[in-house]
Every structure is written in structure tokens, then in C-alpha cells.
1. Please state which one of Trp173, Trp141, Trp124, Trp158 is farther than 22 Å from Ile104 by Cα, among the aromatic types (Phe, Trp, Tyr) and assigned to a helix (DSSP H, G or I).
2. Has segment 60-77 got any residue that is of a type in the set (Phe, Trp, Tyr) and modelled with pLDDT of 95 or more?
3. Hey, does segment 81-103 have a residue that's at pLDDT below 90 and surrounded by 14 or more Cβ atoms within 10 Å (Cβ to Cβ)?
4. Could you list all residues from segment 201-219 that are surrounded by 16 or more Cβ atoms within 10 Å (Cβ to Cβ), of a type in the set (D, E, K, R) and within 28 Å of the chain's Cα centre (by Cα)?
5. If a residue must be among the charged types (D, E, K, R) and either part of a helix (DSSP H, G or I) or within 13 Å of Ala38 (Cβ to Cβ) (or both), how many such residues does segment 52-103 contain?
6. Spot the failing condition for Ser152; the list is (1) surrounded by fewer than 18 Cβ atoms within 10 Å (Cβ to Cβ); (2) over 15 Å from the mean Cα position of the chain (by Cα), and only one is missed.
7. Picking from Ala111, Ala107, Ala121, which residue would you name as being farther than 15 Å from Arg165 by Cα, of a type in the set (Gly, Ala, Ser) and within 21 Å of the chain's Cα centre (by Cα)?
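The values are calculated or read from the model by the stated rules, or taken from the named source; none is laboratory data. Keep in mind that this is a model prediction, so the values were computed, not measured. Counting neighbours? That spans all protein chains shown, and the Cβs are built from the backbone with ideal geometry, glycine included.
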Amino acid sequence: MSRDSAATETGGPDERDSLMRVLGGRASAVDASVPPVAFGAVWAFSDGSIAAAGVAAVGVGAVIGAWRLIRGARPLAVLLSLLAVTVGALVALRTGQAADFYLIRVASNAASGLAWMTSIAVRWPLLGLVVGTLLGQRTTWRRDPELLRAYSRASWVWVGQYLTRLVVFVPLWAANAVVALSAAQVVLTWPLVALCVATSWWVLRRTLPADHPGIRHVRESG
């Protein structure tokens with residue numbers, strides 16, 4: 001099998017789109033970016049009122065949550081998104097620092113990056129778990145050393161995503177740059193996830209040998 005054939009089977013558009021939905025679709029991007037933008041905008045135009053900004057962010061988050069529920073989203077996912085916004089607003093009110101609204105997002109990215117790195121270290125790369133579930137393979141892909149290696153390498157791309165956010169968010173948070181944090185949240189949500197999906201598929205295709213049948217087919221060793 002040629003590398004072109006393997007590449008086609010490894011990462012077709014439908015599979016990339018499915019992975020995008022699982023790991024960070026448009027709905028997740030709206031949840032992650034719109035409430036922080038509302039917080040930053042109201043904070044800037046209300047002479048630095050954390051209370052007004054917090055109410056705006058929670059209100060916008062509630063509207064988005066209701067809209068997603070109507071469209072059939074999972075209630076738990078909606079609740080967690082709204083909870084993150086509410087906790088962020090309460091933290092900022094408690095500390096009196098508007099930038100602390102974004103602390104929960106900094107913490108979640110740090111925890112996610114650590115989780116992905118740990119999964120690679122213990123040879124259970126999270127990208128393999130997600131794609132394996134998506135393809136109905138569960139964990140059988142781990143019996144294929146080449147797939148295991150490919151998923152491990154591609155998972156580092158996702159680690160890079162979380163580290164990129166931390167490199168941007170942490171200095172802005174330290175400088176109390178609320179408006180810049182809001183803008184960064186938008187840029188580093190959907191566009192970054194889209195780039196991450198495309199790059200991880202490229203790494204998968206490049207890592208698998210030319211004669212491998214593709215991610216849909218597990219080739220067990222021995």
C-alpha cells in the first residue's frame with residue numbers, strides 16, 4: 001500500500017471532522033470564548049466593575065446553555081460550562097482582581113496538559129483513547145505497536161496546545177490584562193483547536209509506515 005493510500009485511510013475529512021466535534025467542536029468554542037468576552041467587555045465599559053462583568057458573563061453563559069439544551073446538548077456538559085463561568089466570576093469577586101476570572105481556565109489548561117503528558121508516559125495516549133472510541137475499537141489499538149507510537153507522538157501536539165495557552169494566559173493574568181485575556185481566549189479556542197486537529201492528523205499519517213492499513217485497522221504484533 002502506498003503512503004498516499006495509507007494517508008487517505010488514516011485521516012479522511014469525515015474522521016477529522018468527527019475528531020473536531022469530540023475534542024473541541026464549535027459549541028465548545030462558543031462556551032469557552034463568549035462568556036469571557038462578555039466579562040472583559042462589560043468590565044472595560046463599566047469602569048472596572050467586577051460585579052457587573054461577572055453578572056454579564058454568567059448571564060451570557062446561561063443563555064448559551066439554554067440554547068444548547070434546546071439543541072440536544074448533554075445537560076452535564078452544559079452544567080459544567082456554566083459552572084466554570086460562575087466559579088470564575090465568584091473568584092474574581094472574592095479576590096477583587098478582575099483577571100482572576102480567568103484563573104479557572106489557566107488551571108484547567110494546566111491540568112489538561114498534565115493529563116495528556118501522563119497518558120503518553122504510561123503508554124495510554126489520550127488521542128488513541130478518543131479516536132479508538134470514535135472508531136468503535138475501544139482499546140484494541142494498543143495491541144498495534146505502530147498505532148501506539150503514532151498516537152503517542154500525535155498526542156504531543158495536544159500537549160502543545162495547552163502549553164501555548166499557558167504561555168499566553170499566565171503573563172496576561174499576572175499583568176491583570178483583562179481585555180487582552182478576553183481576546184486571547186477567542187484566538188486560542190477554535191482557531192487553535194482546528195490547527196491542533198490538522199497537525200495531529202498530519203503527525204499520525206507521517207508516523208505510520210507506508211504499508212500500514214490505517215487507523216481503522218489494528219495490526220497486532222507477533
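1. Working: Trp173 fails: farther than 22 Å from Ile104 by Cα; Trp124 fails: assigned to a helix (DSSP H, G or I); Trp158 fails: farther than 22 Å from Ile104 by Cα.
From the options Trp173, Trp141, Trp124, Trp158, the qualifying one is Trp141.
2. Scanning segment 60-77 turns up no residue that is of a type in the set (Phe, Trp, Tyr) and modelled with pLDDT of 95 or more.
3. First, the residues of segment 81-103 that are at pLDDT below 90: 81.
Among the residues that remain, those that are also surrounded by 14 or more Cβ atoms within 10 Å (Cβ to Cβ) are: 81.
There is at least one residue in segment 81-103 that is at pLDDT below 90 and surrounded by 14 or more Cβ atoms within 10 Å (Cβ to Cβ).
4. Arg205, the sole residue that qualifies.
5. Just the residues of segment 52-103 that are among the charged types (D, E, K, R), to begin with: 68, 71, 74, 94, 100.
This time we only want the ones that are either part of a helix (DSSP H, G or I) or within 13 Å of Ala38 (Cβ to Cβ) (or both), so: 68, 94, 100.
So the answer is 3.
6. It is condition (1) that Ser152 fails.
7. Values: Ala111 fails: farther than 15 Å from Arg165 by Cα; Ala107 fails: farther than 15 Å from Arg165 by Cα.
Among Ala111, Ala107, Ala121, only Ala121 is farther than 15 Å from Arg165 by Cα, of a type in the set (Gly, Ala, Ser) and within 21 Å of the chain's Cα centre (by Cα).
Yes/no per residue for (1) touching a helix residue (DSSP H, G or I) at 6+ places or on another chain (Cβ under 7 Å); (2) among the acidic types (Asp, Glu); (3) in a helix (DSSP H, G or I):
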site: Thr118; (1), (2), (3): no, no, yes
site: Leu163; (1), (2), (3): yes, no, yes
site: Val186; (1), (2), (3): yes, no, yes
site: Leu195; (1), (2), (3): no, no, yes
site: Gly214; (1), (2), (3): yes, no, no
